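In what follows, a structure is listed as structure tokens, so that the remarks can point back to it.
The values are calculated or read from the model by the stated rules, or taken from the named source; none is laboratory data. Here the structure is a predicted model, which is why all the values come from computation and not from measurement. Please note: Cβ atoms are built from the backbone with ideal geometry, for glycine as well, and neighbour counts cover all protein chains shown. Surface areas here come from the heavy atoms of the whole protein model, side chains and all, with no ligands, DNA or RNA. Shrake-Rupley method; radii C 1.70, N 1.55, O 1.52, S 1.80 Å.
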Amino acid sequence: MDYLSNNVAVNLKRIRKSKSMSLDQVSEQTGVSKSMLAQIERGTANPSLGVLGKITSGLRIEFQELIQPPRVDCCLVTPAELVPTKEVAGQYKVWTCLPYEDTRLVEVYRIEVEPGGVYISGSHGEKTREYLAVMEGVLTLECHGEKYEIHRDQVFKFETDQEHVYRNTGKEKACCTCFFLDYH
């Protein structure tokens, strides 16, 4: 099942249940057959825009409500089980732990920089702030024309509207968790 079909399947079922409606009732209200609705909820159908239009109109919801990523109340992420988003052998690895979702305000990354390694990050745009928590080792962060040394169990905050550099000048791997806040 592709990403969008999954979103529609999960959202349609959640919306139907939140309205305490059976498939028969949704079918009657939308003009979409019960079997098609069941297939959509199982993710086995690929509904046309016309069918999705009937559903949104009949249920009196916005189209976006059907296609947006479903709400996730809890989520456990183990970076070691993820494929790194970016990686240069002997330098660094970056994992996207929690991508921007819903309101697109926060994103969470894990970054590991090997001894002697350097990770250069471009600007994340205006009104974007990073909170960097070092979990292992020591990272030197170069931003806004300055160098800052952040040790294990320390947290550093900075604006990410320009290029910044994570550098490990130590003899052990440095790991940090980064929280990006978009405050547009």
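Conditions (1) among the hydroxyl-bearing types (Ser, Thr, Tyr); (2) surrounded by 13 or more Cβ atoms within 10 Å (Cβ to Cβ), marked per residue:
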residue: GLY53; (1), (2): no, yes
residue: SER57; (1), (2): yes, yes
residue: GLN68; (1), (2): no, yes
residue: PRO84; (1), (2): no, yes
residue: GLU112; (1), (2): no, yes
residue: GLY122; (1), (2): no, no
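Checking segment 27-45 against the condition returns a match, with at least one residue being under 26 Å from the mean Cα position of the chain (by Cα) and open to solvent by 40 Å² or more (accessible area, probe 1.4 Å).
Considering the conditions (1) charged (D, E, K, R); (2) over 30 Å from GLU112 (Cβ atoms); (3) out of contact with any Leu (no Cβ under 9 Å at 6 or more places or on another chain), GLU65 is excluded by exactly one of them, (3). Looking across segment 2-18, the residues that are of a type in the set (Lys, Arg) and open to solvent by less than 90 Å² (accessible area, probe 1.4 Å) come down to LYS13, ARG16. Of everything listed in (1) closer than 30 Å to THR177 by Cα; (2) loosely packed, with under 12 Cβ neighbours inside 10 Å; (3) polar (S, T, N, Q); (4) modelled with pLDDT of 90 or more, the single unmet condition for GLN64 is (1).
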